[in-house]
1. Quick check on the stretch 320-341: of everything there that is acidic (Asp, Glu) and closer than 24 Å to His356 by Cβ, which residue is modelled with the highest pLDDT?
2. Any chance you could count how many residues in the stretch 29-46 are in contact (Cβ under 8 Å) with a residue 24 or more places away in the chain and outside any loop (DSSP other than H, G, I, E, B)?
3. Which numbered condition trips up Met1, out of (1) surrounded by fewer than 21 Cβ atoms within 10 Å (Cβ to Cβ); (2) within 16 Å of ligand 2 (Cβ to nearest atom)?
4. Sort out which residues of the stretch 333-357 are free of Cβ contacts under 8 Å to residues at least 60 places away in the same chain, surrounded by 12 or more Cβ atoms within 10 Å (Cβ to Cβ) and part of a loop (DSSP other than H, G, I, E, B), and write them in order of number.
5. Which of the helices (runs of 4 or more DSSP H) contained wholly in the stretch 47-144 include at least 2 residues that are within 16 Å of ligand 2 (Cβ to nearest atom) and either farther than 18 Å from Lys13 by Cβ or touching a Leu at 6+ places or on another chain (Cβ under 8 Å) (or both)?
6. Taking into account only those residues within the stretch 129-169 that are polar (S, T, N, Q) and at pLDDT 95 or above, which is nearest to Ala228 (Cα to Cα)?
7. Just give me the residues in the stretch 42-58 being surrounded by fewer than 17 Cβ atoms within 10 Å (Cβ to Cβ) and touching a helix residue (DSSP H, G or I) at 6+ places or on another chain (Cβ under 7 Å), in sequence order.
8. So, in the stretch 268-304, exactly how many residues are buried (at least 19 other Cβ atoms within 10 Å of the Cβ) and among the charged types (D, E, K, R)?
Amino acid sequence: MKSGIIGLPQVGKTSLFTILTKAHVETHGGREAHIGVARVPDERLDKLAALYNPRKTIHASIEYADVAAIGQEALKDTAYATALRNVDALVHVLRAFEDPAVPHVGAVDPARDARNVEFDLMVNDLGQIEKRLERLVKDLKKMRSPELEKEHELMVKSKEQLERERPLRELELVPEDRKRLRGFMFLSQKPILYVLNVGESTDLGSDLERAVEKFGLQEIASRPNAGATAICGKVEAELAEMDDASAAEFLSSYNLKESGLVRLIRKTYELMGLISFLTVGEDECRAWTVPRGTRAVEAAGAIHTDLEKHFIRAEVIHWDALLEAGSEANARARGTLRLEGKDYVVKDGDVVHVRHSG
Ligand SMILES: Nc1nc2c(ncn2[C@@H]2O[C@H](COP(=O)(O)OP(=O)(O)OP(=O)(O)O)[C@@H](O)[C@H]2O)c(=O)[nH]1
Ligand SMILES: [Mg+2]
């Protein structure tokens with residue numbers, strides 16, 4: 001699962017990427033994307049690891065790609081557009097900080113920037129659709145086929161959506177059409193998380209909470225497959241350099257409950273429809289990423305294909321019940337450890353132990 005960090009020039013994309021992935025990147029003029037992996041912070045896993053004291057603790061992760069500034073020109077570059085099409089979700093960094101030393105086109109207005117970039121994404125998709133439609137019309141003249149006709153209908157519907165200036169992510173589609181559209185990897189169809197990069201302030205905690213409303217993003221953030229959050233890049237960059245104890249003190253001095261990165265990663269996760277389940281043991285405690293709605297047998301497959309093949313049952317307990325019981329044996333005695341079959345839908349925070357015959 002990969003997210004692409006997009007945004008106008010000099011809004012703080014690379015800074016965000018660097019603190020998310022702790023990667024050290026060189027600033028560059030080219031349009032190639034930097035790829036990095038962010039560890040998904042998980043308090044549940046940390047608490048279970050404190051109980052089990054395993055040799056290894058492995059967090060879930062999300063890949064982020066940092067690409068050059070977006071615009072009509074950049075999108076004409078095939079390599080650039082392809083890098084963006086290949087991501088599963090977009091993280092759109094919006095400038096909300098004031099700083100005369102960092103240039104920005106016009107006054108700071110994140111809602112306007114969000115609309116403008118959305119427009120560029122839609123123009124790019126529209127170009128693709130028009131090309132495909134031309135081809136389809138030619139092919140349909142040669143030979144009529146139900147599949148081509150369905151695709152034609154879908155392309156017309158998508159084109160109309162874009163001409164109304166609505167992104168494809170807001171289009172309601174039946175599963176077959178969703179599948180037909182998937183191969184095109186349209187940019188305006190990708191789920192999008194708007195990230196306001198706000199300036200430093202003394203009451204950053206409540207400023208961050210109010211930012212989405214203050215900058216007029218509630219409306220676009222409440223649309224289908226969209227979300228919004230705020231961070232302060234400057235503060236996050238300082239936090240990233242600290243050990244846990246100093247970071248906690250620093251956060252409370254700003255009236256912050258958690259780092260903005262934690263919230264941002266969690267929001268990316270939600271937006272992509274992902275959840276984590278956990279496995280525990282003396283050897284390893286680990287968080288695994290699966291799509292919401294995953295069945296127990298598929299979750300087993302995420303761990304190892306053999307576990308899926310030889311799946312018998314899953315022992316399941318919610319993480320906090322396990323923590324409260326103190327051990328699986330206690331939980332079993334209390335009856336809070338359940339046996340579930342193949343079709344059980346795994347929930348976020350479930351601790352799963354797969355029984356298998358392999
Ligand atoms: N004041 C302030 N400056 C910031 C903040 N975030 C980034 N900057 C500065 O803005 C400039 C651009 O930051 P980058 O992270 O490189 O921005 P970018 O979006 O990757 O820029 P391009 O890739 O060139 O489009 C740098 O000088 C940063 O130090 C912030 O939160 N506050
Ligand atoms: Mg950059």
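1. Let us first name the residues in the stretch 320-341 that are acidic (Asp, Glu), namely 320, 324, 328, 340.
Add one more test, that the residue is closer than 24 Å to His356 by Cβ, and what stays is 328, 340.
Working: Glu328: 92, Glu340: 97.
Ranking the qualifying residues of the stretch 320-341, first place goes to Glu340.
2. Count: 7.
3. Among (1) surrounded by fewer than 21 Cβ atoms within 10 Å (Cβ to Cβ); (2) within 16 Å of ligand 2 (Cβ to nearest atom), the lone unmet condition for Met1 is (2).
4. Within the stretch 333-357, Thr336, Leu337, Gly341, Lys342, Tyr344 meet the criteria.
5. Numbers: elements: 72-76, 78-85, 110-142.
Here the list reads 110-142.
6. Per the criteria, the residue is Gln161.
7. Across the stretch 42-58, the qualifying residues are Lys47, Leu51.
8. Selection size over the stretch 268-304: 1.
The values are calculated or read from the model by the stated rules, or taken from the named source; none is laboratory data. Only a predicted model underlies this, so the values are computations on that prediction, with no experimental measurement involved. Positions of Cβ are generated from backbone atoms using ideal geometry, with glycine treated the same way; all protein chains shown enter the neighbour counts.
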